[in-house]
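Single-structure report; data block below.
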């Protein structure tokens, strides 16, 4: 069956009784958030040994000393079919599959969606209606007061990507009970995640400037993760569109000032360069899984390699 990932993310606490979950889509930050909440909630509901594995070939077949059940988190759905999910449903283990959309995931999504014992979470950039739902949740939680006109300013200023929106709106938490207006909104959001997007929009500058900007702006692991999400989202935007018209229509509205730059960037890419970009993403993801996190050196190399592909 299908379920809304935002309901899971916003409520945070759900009694999850299914044995298999599939988290997919093209909004990377929401995929990660949904996956992490699933892991947290399921781990808290029973005695599970968490095992993060690449695919089912790495699955443990032994029985633990204390007969612990396993919570498997798997970044590969290639071997998933109804027979496998039938076996999962009759076991004591729980499986969370997650990956981004690809032509190969369409069939897998249909398998999860039609089964009552499995849950499919599809993660995409938020629509305006979804953003309003999320923002209202936080405004009520923080007991913030705001006029209607200023509320719509807040809706327009905040990102369509969940984790970016959450990081920014959490800055209003300290204003509990205070009435906020346009001046306060602009002041709080003036140093928003735009500076992370700014790294991407300076990609055609000299390497020395890119490295200098990176070292000045990226100071902790959270920012390292976020800047990678920014670059990956733009990379996927380039890869997934076949024509300039499709690409232009896919550009988020909040980036209207950068539309001409993005279109000029897209024009640099042919199929060969897109394949190089896919290989770069896959290599980076593989190194990230091996190391357990995205290091500053790894993401800086990724950025410079992305530039090299773009201008070649």
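Being surrounded by 17 or more Cβ atoms within 10 Å (Cβ to Cβ) and either modelled with pLDDT under 90 or assigned to a helix (DSSP H, G or I) (or both) is a property that residue 38 has. Looking at (1) surrounded by 13 or more Cβ atoms within 10 Å (Cβ to Cβ); (2) out of contact with any helix residue (DSSP H, G or I) (no Cβ under 7 Å at 6 or more places or on another chain); (3) modelled with pLDDT of 90 or more, find the lone condition where residue 7 falls short. Only one criterion in (1) surrounded by 13 or more Cβ atoms within 10 Å (Cβ to Cβ); (2) out of contact with any helix residue (DSSP H, G or I) (no Cβ under 7 Å at 6 or more places or on another chain); (3) modelled with pLDDT of 90 or more is unmet by residue 7, namely (1).
For the stretch 138-154, the set of residues classified as part of a helix (DSSP H, G or I) and over 20 Å from the mean Cα position of the chain (by Cα) consists of 139, 140, 141, 142, 148, 149, 150, 151, 152, 153, 154, listed by residue number. Here the stretch 188-209 is the region considered, the condition is being more than 22 Å from residue 232 (Cβ to Cβ) and not in a helix (DSSP H, G or I), and the residue that is modelled with the highest pLDDT is 206. Taking the stretch 211-238 as the region of interest, how many residues are in contact (Cβ under 8 Å) with a residue 40 or more places away in the chain and either over 21 Å from the mean Cα position of the chain (by Cα) or surrounded by 13 or more Cβ atoms within 10 Å (Cβ to Cβ) (or both)? Qualifying residue count for the region: 14. Every listed requirement among (1) closer than 30 Å to residue 237 by Cβ; (2) in contact (Cβ under 8 Å) with a residue 12 or more places away in the chain; (3) out of contact with any helix residue (DSSP H, G or I) (no Cβ under 6 Å at 6 or more places or on another chain) is met by residue 163 save one, (3). The single condition from (1) outside any helix (DSSP H, G or I); (2) in the same structural domain as residue 29 (by TED's automatic domain parsing) that residue 160 fails is (2).
Within the stretch 239-254, the residues that satisfy the criterion of being surrounded by fewer than 17 Cβ atoms within 10 Å (Cβ to Cβ) and touching a helix residue (DSSP H, G or I) at 6+ places or on another chain (Cβ under 7 Å) are 239, 244, 248, 250. Checking 96, 111 one by one, the residue that is in contact with a helix residue (DSSP H, G or I) (Cβ under 9 Å, 6 or more places away or on another chain), surrounded by 12 or more Cβ atoms within 10 Å (Cβ to Cβ) and either part of a helix (DSSP H, G or I) or on the phi > 0 side of the Ramachandran plot (or both) is 111 and no other. Taking residue 132 as the residue in question, decide whether it is part of a helix (DSSP H, G or I) and in contact (Cβ under 8 Å) with a residue 24 or more places away in the chain. Spelling it out, it is not the case that residue 132 is part of a helix (DSSP H, G or I) and in contact (Cβ under 8 Å) with a residue 24 or more places away in the chain. Answer yes or no: is there a residue in the stretch 301-310 that is surrounded by 18 or more Cβ atoms within 10 Å (Cβ to Cβ), assigned to a helix (DSSP H, G or I) and within 19 Å of the chain's Cα centre (by Cα). Yes.
The values are calculated or read from the model by the stated rules, or taken from the named source; none is laboratory data. Everything quoted here is computed from the prediction, not taken from an experiment. A quick note on method: Cβ atoms are made from the backbone with ideal geometry, for glycine too, and the neighbour counts reach across all protein chains shown.
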